[in-house]
Amino acid sequence: MKRKIYEQLLNWKANDAQRTALLIDGARRVGKSYIAEEFARNEYESYMLIDFNKVSSEINDLFEHHLNNLDTLFSYLSAYFNVPLVVGKSLIIFDEVQLCPKARSAIKYLVKDGRYHYLETGSLMTIKANVNDIVIPSEERHLKMYPLDFEEFLMATGNETLMPLIKDCFKENKALGNAMHKRAMDCFRQYLLVGGMPQAVLEYVNTHNFQRVDIVKRDILTLYRADIIKHAKGHERKVEAIFDEIPSQLQRHEKHFRLSSLGKSARFRDYEDALFWLDDAMIINNCYLACEPSIALRMNRDKNMLKCYMGDTGLLVSHAFDEKAMVNEEIYRKLLVGALEFNEGMLMENIVAQMLVAAGHKLYFYSNASKENAEERMEIDFLIEKAKITSRHNVCPLEIKSGKNYTFNSLRKFCKIFAQQIDKPLLLHNGDVMEKDGFQCLPLYMTPLL
């Protein structure tokens, strides 16, 4: 499968590989190891893959005892893996590097040595157990990898000509027209249900059987649960409780996470580490309350109030419909055409969050639950900053609508109160490009272009 991250790897090799190692950080099963080896195979004369999930303790010990003699280190590694290393033309991959913190720490000396290039892959890179007693190398550059975005999904499913058309229509602010919009929405809804985990997408490409895809996604959810039990030391029960609660929280009208659902006396300070653990593992995307829509949203955030979205919406579908430990084909078919009696808004909001994160945005929302003044009572789904910052009007409010009939009440109130601070408001919906009641409306599949 084509992944856009490949271009970033090429750019790193051309410009920075002599000065830095590149660490690809991402959730389990997003394709980190695959893309690293594909890149090595295509772009280097030889490569060495050191999978710390498989190698013996003898290999781990090399990075603790032989950093003073790199000639011996490289000779041993070359013989052990039966890979000839060529100065300036070989890549060494540290796969699942979080399992060998000493190897990660050694990057400082290996990069300085300059003989070879280094690529690391890993997950849970910031949890204490994976950084204990090591100095994080300043020569390490981080690159986050996410599930396939919508354009990558289109390429994987053989629709390579659709996204260029969508981009042209977005740029010119014109509708795709009934036929092409319907085709784009059909593909988008497939993406919504399958998600962007490579194994799930591959299963869909090969079988077009949603039930087979669901089995793959449930295997990944089981893996995540195993990771929680294994790695979330000290607060695994809290992490699992939050993980299990996400679908029901997103089902609510006000989607900010209510810790009271986990227990009457639950407080943010008690669950803060658990929330951040899931975010660090890139299993969820946290969306924070911004107290006002001014530039540098991070400075105005209230980290005690947040919404938790699943990192992959396909996984959310399997996570939400789990009464029989399987989402059958009929449910998927009804979801595909929007014929299921179900609050679809939770899926649409989650997929928008997923696409915004993949496009490089941090997630923020605005909420005011004023009981005294109805004109101040509102909630805006997302706030994003403009690409080109000006002296004012730098934040764009986004509203997500999944149904055919909707109002602009919150958006109108928001624009009235913050007229001097916000850029052009946008509404993302199931329809084509249009203007309605003075607001610009874009189809949901244009989210990655914002």
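Ordered by the number of other Cβ atoms lying within 10 Å of each residue's own Cβ, fewest first, Cys441, Cys308, Cys415 fall into the sequence Cys415, Cys441, Cys308. Sum -39500 (n - 2.57) across every DSSP H segment of at least 4 residues in the chain, then divide by the residue count to get the 222 nm mean residue ellipticity, nearest 500. That calculation yields -13500 deg cm²/dmol at 222 nm.
Measuring between alpha carbons in the structure, the pairs from Lys238/Lys307; Lys388/Lys424; Lys32/Lys108 lying more than 18 angstrom apart are Lys32/Lys108. Once you keep just the Cα pairs under 8 angstrom separated by 6 or more residues, what percentage relative contact order results for the stretch 269-328? Dividing the mean separation by the residue count of the stretch 269-328 yields 28 percent. For the chain, the longest principal axis of the C-alpha atoms and the axis of helix 5-15 are separated by about 50°. Between Val135 and Ala374, the contour length at 0.36 nm per residue exceeds the alpha carbon distance by 80.7 nm. Full extension of the segment from Ile417 to Asn82, taken as 0.36 nm per residue of separation minus the current Cα-Cα distance, would add 113.9 nm.
Averaged over all directions, how much area does the convex hull of the C-alpha atoms of the stretch 197-236 cover when projected, in nm²?
That works out to 2.8 nm², a quarter of the Cα hull's surface.
Considering just Cα atoms, how many Å³ per residue does the convex hull of the chain enclose?
Numbers: hull volume 75.3 nm³, N = 450.
Normalising the Cα hull of the chain by residue number yields 167 Å³.
Judged by the mean number of other Cβ atoms found within 10 Å, the most tightly packed of the peptides 342-354, 109-121, 423-435 leads the ranking 342-354, 109-121, 423-435. Over the stretch 5-145, Cα pairs under 8 Å with separation of 6+ residues give a relative contact order of 38 percent.
Once fully extended, how much extra length lies between Ile215 and Asp113, figured as 0.36 nm per residue of separation less the alpha-carbon to alpha-carbon distance?
32.1 nm
Taking label positions 7 Å along the Cα-Cβ direction at both Lys230 and Asp437, the computed distance is 5.0 nm, reported to one decimal. If a spin label sat at a point 7 angstrom from the Cα of Lys4 along the line to its beta carbon, the backbone N atoms of the stretch 351-369 nearer than 19 Å would be those of 351-364. To the nearest ten degrees, helix 178-194 and the longest principal axis of the Cα atoms of the chain are 50 degrees apart. Each residue, Lys404 and Asn328, gets one label point 7 Å from its Cα in the Cβ direction; the gap between the two is 2.8 nm. In this simple spin-label approximation, Thr222 and Ala296 carry label points 7 Å from Cα along the Cα→Cβ vector, and these lie 4.9 nm apart. Taken over the stretch 166-321, the percentage of Cα pairs per 10 Å bin, counting from 0 up to the bin with the maximum distance, is 10, 30, 29, 23, 8, 0. The angle between the Cα long axis of helix 70-81 and the main principal axis of the chain comes to about 80°, on a 0 to 90 degree scale. Under the criterion of Cα pairs below 8 Å and six or more residues apart, the relative contact order for the stretch 150-449 equals 18 percent.
For the peptides 154-162, 400-408, what is the packing order when you average, over each peptide's residues, the other Cβ atoms within 10 Å and list the highest mean first? Don't jump to the answer; show the numbers that get you there.
Values: 154-162: 16.0, 400-408: 14.1.
The peptides rank, most packed first, as 154-162, 400-408.
Pull out a ≥ b ≥ c, the square roots of the eigenvalues of the alpha-carbon gyration tensor of the stretch 338-387, then state rounded if a/c is under 1.5, prolate if not and a/b is larger than b/c, and oblate in the remaining case. Taking the square roots of the gyration eigenvalues as a ≥ b ≥ c, the stretch 338-387 is oblate. In terms of its C-alpha gyration tensor, the stretch 357-450 comes out oblate, because a/c is 1.5 or above while a/b does not outweigh b/c. For the Cα trace of the stretch 1-114, dividing Rg by the Kirkwood Rh returns an Rg/Rh value of 0.93.
Every number here is computed from the coordinates shown, using simple stated rules; none is lab data. Because the structure is predicted, anything quoted here is derived from the model rather than measured. Positions of Cβ are generated from backbone atoms using ideal geometry, with glycine treated the same way; all protein chains shown enter the neighbour counts.
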